[in-house]
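Trainee: Sharing a structure, written as structure tokens. Questions coming.
The values are calculated or read from the model by the stated rules, or taken from the named source; none is laboratory data. Worth saying up front: this structure is predicted, and the values here are computed from it rather than measured. Cβ placement follows ideal geometry from the backbone for every residue including glycine, while neighbour counts extend to all protein chains displayed. Calculation scope for accessible area: heavy atoms of the full protein, side chains included, ligands and nucleic acids excluded. Shrake-Rupley method; radii C 1.70, N 1.55, O 1.52, S 1.80 Å.
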Amino acid sequence: MPDMATVHGCHVYNAAGNKILWLDAGDFSLEAHFDQLRDTCRILARRCKFGQEMTAVLFRSSRITRALFWNPDGTEEAVCGNAIRCAAHFVSGQSAPIDRITIETTHGTYLSRKLNTNHGSATMPAHTIRIETKTINGDLLVDVGTPHRIRLVMEEWPDDAVREAIACSSGPHPVNFDLVRRIGPYHFRARIFERGVGETASCGTGAAAIVAALGEFYTDPQDREHPYLIEFASGEQLNVTYNQSLDSIEISGRVELLTASSIPHLSSI
């Protein structure tokens, strides 16, 4: 199990309207598997209640930084885009100032960058994003480590589509359900209903899934790296850009530190 520090760093962020709690679980052995880290995550997540929409727990070794993610209902997620956008801010606030950190998750390895005091980004390798060939009633299915069902709508927002989004995101086999309206070639508006959370003010993995599924990558090759604006019904915004040379998608947007504190290490309980 991880070698706990004297205290666990505990920071709460507003990530484009998403309330994210980051916890520092301390150091871990390189031999430790994710399964061995989950018990620590569960204990820390139960101890810290700030009304967060996502709890992210960080484990660090001399060579690797790992993270696990938990919804408010206690279910685990393999990845959270908005949480990863905050990770470099969190680590920078915990130790020597840095502007980027690589995060290994159960789904893939991501880059978090601190763009400035109030903005952060997450870079997702394209191979971690899978667009399904099948559809459900015309809805697109995209797996970015967490599943998204995407429905294009012509108006904001049909009652029947909202009802179905709520049902599908909270049913016995829940998925994230994204209602999307195309505003222009590089501009989408969206309402996203996350499993384990409900409707959310913004969603990093949802923004990536929308651009991966609906982006116009096969028109003029020079336009492939044109940034996309994902505007949420809450008024929050995320920018999504495809990097052709790295074959990756970068999600960027607002990051605001709400609370910086610490809690006693687990051995003192």
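Trainee: With a sphere of radius 14 Å drawn around the Cβ of GLY235, what net charge do the other residues whose Cβ falls strictly inside it have (Lys, Arg +1; Asp, Glu -1)? Write down the numbers at each step before the final one.
Mentor: Values: positive: ARG189, ARG191, ARG254; negative: GLU156, GLU199, GLU231, GLU236.
Surrounding charge for GLY235 is -1.
Trainee: Taking the Cα centre of the range 117-269 as the origin and placing charges on Cβ (Lys, Arg +1; Asp, Glu -1), which of ILE183, PRO147, MET124 is farthest toward the positive end of the dipole?
Mentor: Value: PRO147.
Trainee: Quick one: with all protein chains in place, what share of the accessible area of the chain is carbon or sulfur, to the nearest percent (1.4 Å probe)?
Mentor: On the way: 5930 of 11910 Å².
The value for the chain is 50 percent carbon and sulfur by accessible area.
Trainee: Along the charge dipole of the chain, Cβ charges K/R +1 and D/E -1, which of GLY9, GLY198, ILE20 sits furthest on the positive end?
Mentor: Of GLY9, GLY198, ILE20, it is GLY9.
Trainee: What net charge is computed for the residues neighbouring LYS134, neighbours being all others with C-beta under 15 Å from the C-beta of LYS134, Lys and Arg scored +1, Asp and Glu -1?
Mentor: Numbers: positive: ARG130, ARG149, ARG151; negative: GLU132, ASP139, ASP143.
Taking every Cβ under 15 Å from that of LYS134, the sum is 0.
Trainee: Now, a different point. Apply the Karplus parameterisation 6.51 cos²θ - 1.76 cosθ + 1.60, with θ equal to phi minus 60°, to every residue of the range 181-196 and state each ³J(HN,Hα) to the nearest whole Hz, in sequence, with x for glycine and proline.
Mentor: 10, 7, 8, x, x, 10, 9, 10, 10, 8, 10, 10, 10, 8, 5, x
Trainee: Okay, next question. Given a 1.4 Å probe and the protein chains all in place, what does the accessible area of THR205 round to, in Å² to the nearest 10?
Mentor: 10 Å²
Trainee: Now for a different question. Quick check for you: with a 1.4 Å probe and neighbouring chains kept, what is the accessible area per residue of the chain, in Å²? Kindly include the intermediate steps, with their values, before the conclusion.
Mentor: Values: 11910 Å² over 269 residues.
On a per-residue basis, 44 Å².
Trainee: What does the charge add up to near VAL197, with Lys and Arg as +1, Asp and Glu as -1, over the other residues with Cβ less than 9 Å from its Cβ?
Mentor: Numbers: positive: ARG195; negative: GLU53, ASP73, GLU194, GLU199.
Taking every Cβ under 9 Å from that of VAL197, the sum is -3.
Trainee: Okay, next question. Report, in debye and to the nearest 20, how large the dipole of the chain comes out about its Cα centre when Lys and Arg carry +1 and Asp and Glu carry -1 on their Cβ. It would help to have the intermediate numbers written out before the result.
Mentor: On the way: 25 positive and 32 negative charges, 104 e Å.
Roughly 500 debye, rounded to the nearest 20.
Trainee: A follow-up question, please. Taking the chain as a Gaussian network, where each spring joins two C-alpha atoms under 10 Å apart, which residue of PRO158, PRO72, PRO227 fluctuates the most?
Mentor: Highest fluctuation of the listed residues: PRO158.
Trainee: Output ³J(HN,Hα) for the range 49-59: one whole-Hz value per residue in order, computed from phi by the Karplus curve 6.51 cos²θ - 1.76 cosθ + 1.60 with θ = phi - 60°, and x for Gly and Pro.
Mentor: So the J values, rounded to whole Hz, are 10, 10, x, 6, 8, 8, 10, 10, 10, 9, 10.
Trainee: Now, a different point. Given +1 on the Cβ of Lys and Arg, -1 on the Cβ of Asp and Glu, and no further charges, what dipole in debye does the range 95-143 carry about its Cα centre, rounded to the nearest 20? Please report the intermediate quantities before stating the final value.
Mentor: Numbers: 5 positive and 5 negative charges, 35 e Å.
Roughly 160 debye, rounded to the nearest 20.
Trainee: What's the ranking of 140-148, 60-68 by average number of surrounding C-beta atoms within 10 Å, highest first?
Mentor: Details: 140-148: 21.6, 60-68: 16.9.
So the peptides 140-148, 60-68, ranked by packing, come out 140-148, 60-68.
Trainee: Pick out which of HIS89, HIS127, HIS107 has the largest mean-square fluctuation in a Gaussian network model of the chain, springs linking Cα atoms closer than 10 Å.
Mentor: Checking each option, the largest mean-square fluctuation is seen for HIS127.
Trainee: Using the Cα centre as the reference, give the magnitude of the dipole from point charges on the C-beta atoms of the range 145-262 (Lys, Arg: +1; Asp, Glu: -1; all else neutral), rounded to the nearest 20 debye.
Mentor: Values: 10 positive and 17 negative charges, 50 e Å.
Here the size comes out at about 240 debye.
Trainee: Right, something else. In degrees, nearest 10, range 0 to 90: what is the angle between the Cα axis of helix 81-94 and the longest Cα principal axis of the chain?
Mentor: 30 degrees
Trainee: Of all alpha-carbon pairs in the range 48-130, indicate the percentage at a distance above 18 angstrom.
Mentor: Details: 1403 of 3403 pairs.
Result for the distance tail: 41 percent.
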